[in-house]
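Reading through the structure tokens given below for one structure.
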Number of protein chains: 2
Amino acid sequence: MNEFVRKFEGVKAPWSKEEFEAQIRAIAPERYHDLHVFHKLLHGGKLNKDQVAAWALNRYVYQEAIPRKDAAFMSRVHDREFRREWVHRIHDHDGLLPDEPGGLERWFVLTDCLGFDRDYVASMEGALPATKYAVEAYVRYVVEQPLVVAAASQLTELFAPSIHRERIAGMLANYSFVNEAVMAYFKRRLTQAPRDVSFTLEFVKEHARTRAQQEACVEAVKFKCDVLWAQLDALHLAYVDGMIPPGAWRPAA
Amino acid sequence: MNEFVRKFEGVKAPWSKEEFEAQIRAIAPERYHDLHVFHKLLHGGKLNKDQVAAWALNRYVYQEAIPRKDAAFMSRVHDREFRREWVHRIHDHDGLLPDEPGGLERWFVLTDCLGFDRDYVASMEGALPATKYAVEAYVRYVVEQPLVVAAASQLTELFAPSIHRERIAGMLANYSFVNEAVMAYFKRRLTQAPRDVSFTLEFVKEHARTRAQQEACVEAVKFKCDVLWAQLDALHLAYVDGMIPPGAWRPAA
């Protein structure tokens, strides 16, 4: 770092680790997608089965991207210990041979119950283009941003357990077509996500040292919140307001 | 595919799967790095300990890239079953928590015995720039080429078991500083590589359907042979001919 940059960065002292973490956590009550009206409808039992189906179909696009995102992230990491820790995120979603089925398999249990053919779901043909763009923006972000910023973008997992608990309870209580087996994906994430996120949070706190890096990490968490929010916006417009774009899945009349 | 392209490609009929495989296998006796003079010196006991050390130090750069290459490849694959099969390649090199140490750990056993500090090896500071360029060209190739071509570039594993067997026997017989423990990396690869390569070969044969795709896959195997060969060229110039470039590791005088 040259002297000019050092002096410039000196204008803002780095946050303490505690303050840095607090800045990250402060994003949830303003931007996390549990605040979105579509989630409130979903969890509160206000959607019909077709609308829940549209959500599951589109959310598959995001689920499917997660192990690819994690692989892309690992491809940038030169630290073997780090990769050994990270690889279980791929296992969590893809499963692990010979007999762990993984989160995508559990997601198919959900789309099965909502009446979709698995090949149709996996083809992503009926998913909203806006969903695909948001999800791929996330994958590209993880590929292209500085490593610590790419890691930070994954910290929305900090906020996930409460939304998952709310979702499990709300969907079980409110939808006759949802049972415990169908919610297996979210139940599993209640234990997986906290393990992942504490490792990521420590990494980010340790490696974002300058104030500029810390602020970039906070922006990364906001970026990821935007990615999640945009998916619900697209769902809402298409399947609550009824403006389904050409080519996207349409419920039977 | 438009009619013009179809007609153009029609000039050459696709090879049968058997002929396609034969074209790939025919590359080994012309281009695989077991033909390189440096390998003949290495396996024949004609190098001194410093020269073997230079080889192990530089080859670490390649070893270190393999799990990143595999992660980059997986990040492009939308098929979960395929990724579940592929992920063990990462485990093979990185190990798998809690207790499988992995190929990189076994590589360090080799560099330990040759007198290197592990941090120095991992830093890649002393490696030849030409090694790094060749290895990164391979990683980029796997990221950027069509998927079937990227997969095909990994088929040099077809030729690996014989070089590994020759290496184990030759190095054990010829170098007093090499013992069975040190050769553990190569012994493990004797069972890992054939499993990997039969899967990859089936995938490539199944998915390269046009003659143009088949020829691109054959070129990919040649490309990968070039990557391996270039690493030995760089070693030879630096540590056999003695033209060690600035910054690269120098044996103690």
Could you tell me whether the stretch B:23-39 includes any residue that is more than 17 Å from the chain's Cα centre (by Cα) and either farther than 24 Å from B:Glu219 by Cα or surrounded by 21 or more Cβ atoms within 10 Å (Cβ to Cβ) (or both)?
no
Can you run down the residue pairs with Cβ atoms below 6 Å, 6 or more apart or on separate chains, where the first is in the stretch B:177-198 and in contact (Cβ under 8 Å) with a residue 60 or more places away in the chain and over 16 Å from B:Ile163 (Cβ atoms) and the partner is part of a helix (DSSP H, G or I) and of a type outside the set (A, V, I, L, M, F, W, C)?
B:Phe177/B:Lys49; B:Ala184/B:Arg106
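Considering every residue within the stretch B:67-74, establish whether at least one is within 14 Å of chain A (Cβ to nearest Cβ), assigned to a helix (DSSP H, G or I) and over 22 Å from B:Tyr141 (Cα atoms).
Scanning the stretch B:67-74 turns up no residue that is within 14 Å of chain A (Cβ to nearest Cβ), assigned to a helix (DSSP H, G or I) and over 22 Å from B:Tyr141 (Cα atoms).
Could you please let me know if A:Ala238 is assigned to a helix (DSSP H, G or I), in contact with a Pro (Cβ under 7 Å, 6 or more places away or on another chain) and touching a residue at least 60 places away in the same chain (Cβ under 8 Å)? Walk me through how you get there before you give the answer.
On the way: assigned to a helix (DSSP H, G or I): yes; in contact with a Pro (Cβ under 7 Å, 6 or more places away or on another chain): yes; touching a residue at least 60 places away in the same chain (Cβ under 8 Å): yes.
It is true that A:Ala238 is assigned to a helix (DSSP H, G or I), in contact with a Pro (Cβ under 7 Å, 6 or more places away or on another chain) and touching a residue at least 60 places away in the same chain (Cβ under 8 Å).
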Considering each residue of the stretch A:75-112, count those that are farther than 24 Å from A:Gln145 by Cα, facing another protein chain (nearest Cβ under 7 Å) and of a type in the set (Gly, Ala, Ser), and give that number.
1
Quick check on the stretch B:43-51. Is at least one of its residues modelled with pLDDT under 95 and at positive phi?
yes
Pairs where the first residue, in the stretch A:124-150, is over 18 Å from B:Asp79 (Cα atoms) and the second is basic (Lys, Arg) and part of a helix (DSSP H, G or I), C-beta under 6 Å, 6+ apart
A:Val142/A:Lys69
Picking from B:Phe159, B:Phe223, the residue that is in contact with a Cys (Cβ under 9 Å, 6 or more places away or on another chain), within 23 Å of B:Arg31 (Cβ to Cβ) and of a type in the set (Phe, Trp, Tyr) would be B:Phe159
From the residues in the stretch B:194-214 that are crowded, with 19+ Cβ neighbours inside 10 Å and among the charged types (D, E, K, R), which one is modelled with the highest pLDDT?
B:Lys205
Check whether at least one residue in the stretch A:127-143 is loosely packed, with under 15 Cβ neighbours inside 10 Å, more than 12 Å from chain B (Cβ to nearest Cβ) and touching a Gly at 6+ places or on another chain (Cβ under 7 Å), and report yes or no.
no
Would you confirm, using the coordinates I've provided, whether B:Ala152 is in contact with a Cys (Cβ under 6 Å, 6 or more places away or on another chain), over 20 Å from A:Arg68 (Cβ atoms) and surrounded by 17 or more Cβ atoms within 10 Å (Cβ to Cβ)?
yes
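Please pick out the residue among B:Leu158, B:Leu235 that is crowded, with 20+ Cβ neighbours inside 10 Å and under 26 Å from B:His91 (Cβ atoms). It would help to see each step written out before you state the result.
Numbers: B:Leu235 fails: under 26 Å from B:His91 (Cβ atoms).
After ruling out the rest, the residue left standing is B:Leu158.
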Considering only the stretch A:194-229, state which residues are out of contact with any Phe, Trp or Tyr (no Cβ under 8 Å at 6 or more places or on another chain), under 25 Å from A:Gly45 (Cα atoms) and not acidic (Asp, Glu).
A:Trp229
B:Val61 closer than 20 Å to A:Pro67 by Cβ and either facing chain A (nearest Cβ under 7 Å) or not polar (S, T, N, Q) (or both)
no
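Select from the stretch A:75-120 the residues that are part of a helix (DSSP H, G or I) and of a type in the set (Lys, Arg) and write down the one among them that is surrounded by the most Cβ atoms within 10 Å (Cβ to Cβ). Spell out the reasoning first.
Filtering the stretch A:75-120 for residues part of a helix (DSSP H, G or I) gives A:80-94, A:103-113, A:118-120.
So of that shortlist, the ones also of a type in the set (Lys, Arg) come out as A:80, A:83-84, A:89, A:106, A:118.
Numbers: A:Arg80: 19, A:Arg83: 22, A:Arg84: 22, A:Arg89: 25, A:Arg106: 21, A:Arg118: 13.
Among them, the one singled out is A:Arg89.
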Which of the residues belonging to the stretch B:113-123 are within 14 Å of chain A (Cβ to nearest Cβ), under 20 Å from B:Asn179 (Cβ atoms) and in contact (Cβ under 8 Å) with a residue 40 or more places away in the chain?
B:Val121
Could you say whether any residue in the stretch A:16-38 is over 22 Å from A:Arg167 (Cα atoms), more than 14 Å from chain B (Cβ to nearest Cβ), in contact (Cβ under 8 Å) with a residue 60 or more places away in the chain and not in a helix (DSSP H, G or I)?
no
Single condition A:Glu125 does not satisfy, out of (1) assigned to a helix (DSSP H, G or I); (2) out of contact with any Leu (no Cβ under 6 Å at 6 or more places or on another chain); (3) not basic (Lys, Arg):
(1)
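The values are calculated or read from the model by the stated rules, or taken from the named source; none is laboratory data. Computed from a prediction, not measured in an experiment: that's the story for all the values here. Neighbour counts run over all protein chains shown; Cβ positions are idealised from the backbone, glycine included.
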